[in-house]
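The values are calculated or read from the model by the stated rules, or taken from the named source; none is laboratory data. It should be emphasised that the depicted structure is a prediction, and the values quoted were computed from it without experimental measurement. Backbone-built Cβ (ideal geometry, glycine too); neighbour counts: all protein chains shown. Surface areas here come from the heavy atoms of the whole protein model, side chains and all, with no ligands, DNA or RNA. Shrake-Rupley method; radii C 1.70, N 1.55, O 1.52, S 1.80 Å.
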Amino acid sequence: MTFPGFEHDSTLPTFPTQDDIFDYLRRYIDHCDLKKYMKFNTVVTNAVPKHPDDFKTKWEVTYCHVQEPMNTTTEDFDAVIVCSGNCVFPNVPPFPGLKDFKGRLLHSRNYRKAKEFRGQTVAVIGSSYSGKDIARQLSDVADKVYIAHIDQPLNTIYPNGNVIEKNYAAQSITNSSLILANREEIEIDSLILCTGYRYRFPFLSEDILSIDDEHVSPLYKHVLHLDYHSLMVITLLRNIATYPISFSMGKFARAVIDGNANLPLKIDMKKDIASEVQWRRANKLVGPRWHYMDTLQWDFDQSLALIGKFDPLPELLQIYWNFVERHRENDFINYWKYDYHMNGNNKIVATKREKSTDFNLPQKVFA
């Protein structure tokens, strides 16, 4: 979560707090003198191409203040870059009986404090980052925490002994319980859905940007609209080094707008898209994983840099990413309590922070 060329405070831990990140963003805005370009508390309600047959068309963008939806303004822009994020619209699976549940029901997007669930029996559905992290926090205050999912069994054992893993899909909900695919019924007080997010672009019509099974198209390299080179999306990719990769996508967008990008012919871009779609289907990277990257992000960055004629991200970032992901997978409870750095022997060292006294773990060194 570092923009190239603008480092975090060197005294911060590897995993800073959300307040630290917010402060970093504010300092970055000041550093780049960006605030004068920003319209806060503003909702974009519509964006349409002025000349639909022109791939370099300008755009009519309509917007309003959040408290004055009827008082709209429309302006013309040379290009539109969508940066509205991918953790906005919660994915709430239509579990039978969900509306009948009488306990507390929420999506992870609305989760704030574990203490709100003190003494309860809580079911967490989903085992990605949010599911694991929320279960860990709840284990300190809840009576029991069930984490139900269909992914690989968890490598990490939760230390308090009150987190119970159920490697089954959720099948249905009653007014007071969760029923799993193996027909086991679990009485619960609260249910937290860690079931991800859906893509939505309410300001763009479906004939401009379509969403089919969470696959957003037609986009070349997940960014550039195939028919409108003045429309780009920097908001889709999941499981990436968010700020650096977004920075590269921004440089790619700038190169396209400036006319400096070495773009292939449209027919070749179509072939590239079709080839990736076929590969992702063959590797089961579909549904919510259509725009999933993880280790694919580095080749993706290289391809953007080649087309946009800029330097790719340094290899060191990839080395750190791979190491921390491996540490996270093997020790989800404790990985965030370490600081990571490269020592003189070109090895990554994970050093336990003194403030983290929950577990007495030794220093770890990885090649």
Quiz prompt | Pairwise label distance in nanometres, residue 37 with residue 277, each label 7 Å out on the Cα-Cβ vector | solution = 3.3 nm
Quiz item: When you count, for each residue, the other Cβ atoms within 10 Å and take the mean per peptide, how do 194-205, 17-28 rank with the highest first?
Solution: 194-205, 17-28
Practice problem: Return the sequence-ordered ³J(HN,Hα) values of region 38-48 in whole Hz as given by the Karplus equation 6.51 cos²θ - 1.76 cosθ + 1.60 applied to θ = phi - 60°, using x for Gly and Pro. | Solution: 9, 10, 7, 6, 10, 10, 7, 9, 7, 9, 10
Self-check item: Exposure of residue 149 as accessible area (Å², to 10), given a probe of 1.4 Å and all protein chains
Solution: 10 Å²
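Which FRET efficiency, nearest 0.05, do residue 351 and residue 58 yield, Cβ-Cβ r, R0 45 Å?
On the way: r = 53 Å, r/R0 = 1.18.
For R0 = 45 Å, the calculated efficiency reads 0.25.
About its Cα centre, what dipole magnitude does the chain give when the only charges are +1 on Lys and Arg Cβ and -1 on Asp and Glu Cβ, stated in debye to the nearest 20? Don't skip to the answer; put the middle values down first.
Details: 43 positive and 46 negative charges, 108 e Å.
Computed about the Cα centre, the dipole is about 520 debye.
Of all beta bridges DSSP finds with both residues in the chain, what is the antiparallel percent, to the nearest 5?
60 percent
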Exercise. Would you mind calculating the gained length between residue 73 and residue 227 on full extension (0.36 nm times residue separation, minus the Cα-Cα distance), in nm to one decimal?
Key: 52.8 nm
Exercise. Choose one of 210, 224, 264: the residue whose Cα lies farthest towards the positive end of the charge dipole of region 210-294 (beta-carbon charges +1 Lys, Arg; -1 Asp, Glu; about the Cα centre).
Key: 264
Quiz item: If ligands, DNA and RNA are left out, what is the accessible area of residue 290 with a 1.4 Å probe, given in Å² to the nearest 10?
Solution: 10 Å²
Self-check item: Summed residue charge, Cβ within 11 Å of residue 241's Cβ, Lys/Arg positive, Asp/Glu negative
Solution: -3
Quiz item: Put 235, 351 in order of accessible area, largest first, 1.4 Å probe: what do you get?
Solution: 351, 235
Practice problem: Anything over 30 Å Cα to Cα? Flag those among 166/284; 221/284; 221/347; 266/309; 132/271, in the order listed. | Solution: 221/347; 132/271
Quiz item: What distance in nm separates the simple spin-label points at residue 19 and residue 84, each placed 7 Å from Cα in the Cβ direction?
Solution: 3.2 nm
Quiz item: How much accessible area does residue 212 have with a 1.4 Å probe, in Å² rounded to the nearest 10?
Solution: 110 Å²
Quiz prompt | Local net charge near residue 285, Cβ-Cβ under 12 Å (Lys/Arg +1, Asp/Glu -1) | solution = +1
Quiz prompt | Option label - Cα extents along the principal axes in Å computed here, alternatives (i) 61, 58, 39; (ii) 61, 58, 45; (iii) 60, 53, 45 | solution = (ii)
Quiz item: Ordered by packing density, taken as the mean number of other Cβ atoms within 10 Å over each peptide's residues, highest first, how do 117-123, 213-219 rank?
Solution: 117-123, 213-219
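Can you give me the % of accessible surface on the chain that is carbon or sulfur? Probe 1.4 Å, all protein chains present, nothing else counted. Could you put the intermediate results ahead of the total?
Working: 10300 of 20840 Å².
Solvent-exposed carbon and sulfur of the chain make up 49 percent of the total.
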Quiz item: Roughly how many Å² is the accessible area per residue of region 218-307, as a whole number, for a 1.4 Å probe?
Solution: 45 Å²
Practice problem: Grab the DSSP H runs of the chain that are 4 residues or longer, score each as -39,500 (n - 2.57), total them, divide by all residues and round the 222 nm result to the nearest 500 deg cm²/dmol. | Solution: -7500 deg cm²/dmol
Quiz prompt | Whole-angstrom gap from region 281-303 to region 126-140, using each part's C-alpha centre | solution = 25 Å
